[in-house]
Amino acid sequence: MKRAIILGSGLDILSQESPLESIPYTEIPGWPLGKVKGHKGVLDKYKNIWVLRGRAHLYEGFTWEQACFPTQYLINQGIEELILTNAAGGIDPNYEIGDLMQITGYLNFMKPDKSRKLSRILQKPISYKTELVKNTHDDIRLHHGNYVGVHGPNYETHSEIALFKSMGASAVGMSTIPEIETAVKNNVKVTAISIITNVYGKTVDLGHEGVVQAAKNASEKLARLLCLN
Ligand code: HPA
């Protein structure tokens, strides 16, 4: 099985190991070059998995198609299973900073651009099952829940969080949905994990630096959960 993982802000796995090949995004024609801090901007190819260190977001001004480009590129290269990761804000009050949440469904509030075609495929539940996630670790708090994707880059108001909560969302973030949809439309297996970097009602000082640091701290857990350490 040819696998790839896309790492969200601050997430860092397998960086101690030398990749077989490392391709800067700048060398891949058409690649959307994101500028978000905490992203390295390279595709590292290891023996068992390809690692994308960083992604492009809609809030940086990229179109929906541009946000889908890296996933489409991986699929064109023969990737059969995609693992998506992101930093997300916890809406569920039981969540703590550093917890992981496996995405079981999503609400798309990302203001996708006009060319997005609603596909019949997306009307059916998506199977996010994978053999990769085996939580046999007592110290990893793994939840399952709905992810709500927003355009950003601002974080949410108190009322927006109350609304998302009433709609059944457990975490909120600004990415991943373009990639899920691209994978699903191409029949590629997808698993998506949010790293909870802040929790509404609990986190006092919310900012990008704090989000990146919390994601960095949780990277080791993510690697163990996915048996990639
Ligand atoms: N909201 C949206 N995106 C995020 C958050 C958040 O609270 N935390 C990390 N990414």
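Computed quantities for the displayed model
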read-out	value
Under 15 Å, Cβ to Cβ, from residue 22 - net charge with Lys/Arg +1 and Asp/Glu -1	-1
Distance cut-off 32 Å, percentage of C-alpha pairs in the chain lying past it	11
Fewest-first sequence of 39, 158, 57, 151 by Cβ atoms within 10 Å of each Cβ	158, 151, 39, 57
Likely footprinting exposure, 22, 194, 127, 170, fewest C-beta neighbours within 10 Å first	127, 22, 170, 194
Nonlocal amide H pairs with residue 148, under 5 Å, H built at 1.01 Å	107, 170, 171, 172, 173
Percent of beta bridges antiparallel (DSSP, segment 3-225, rounded to nearest 5)	30
For the chain, calculated [θ]222 nm from helices alone, where every DSSP H run of n ≥ 4 adds -39500 (n - 2.57)	-6500 deg cm²/dmol
Cα shape, segment 169-229, gyration tensor, a/c 1.5 rule	oblate
All lysines inside 16 Å of residue 202 as judged from Cα atoms, apart from same-chain residues fewer than 8 positions distant	165
Listed residue pairs exceeding 23 Å between alpha carbons, taken from 111/185; 47/221; 124/216	124/216
Which of 130, 26 has the fewest Cβ neighbours within 10 Å, and the rest in rising order	26, 130
Cα gyration tensor shape of segment 102-229, rounded if a/c is under 1.5, else prolate or oblate by comparing a/b with b/c	oblate
Whole-percent pair-distance distribution, where bins are 5 Å wide, for the alpha carbons of segment 1-73	3, 17, 28, 27, 16, 6, 2
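Just so you know, all these numbers are worked out from the coordinates, no wet-lab data involved. Remember, it's a predicted structure, so these values are computed and weren't measured experimentally. Cβ: placed from backbone, ideal geometry, glycine included. Neighbour counts: every protein chain shown.
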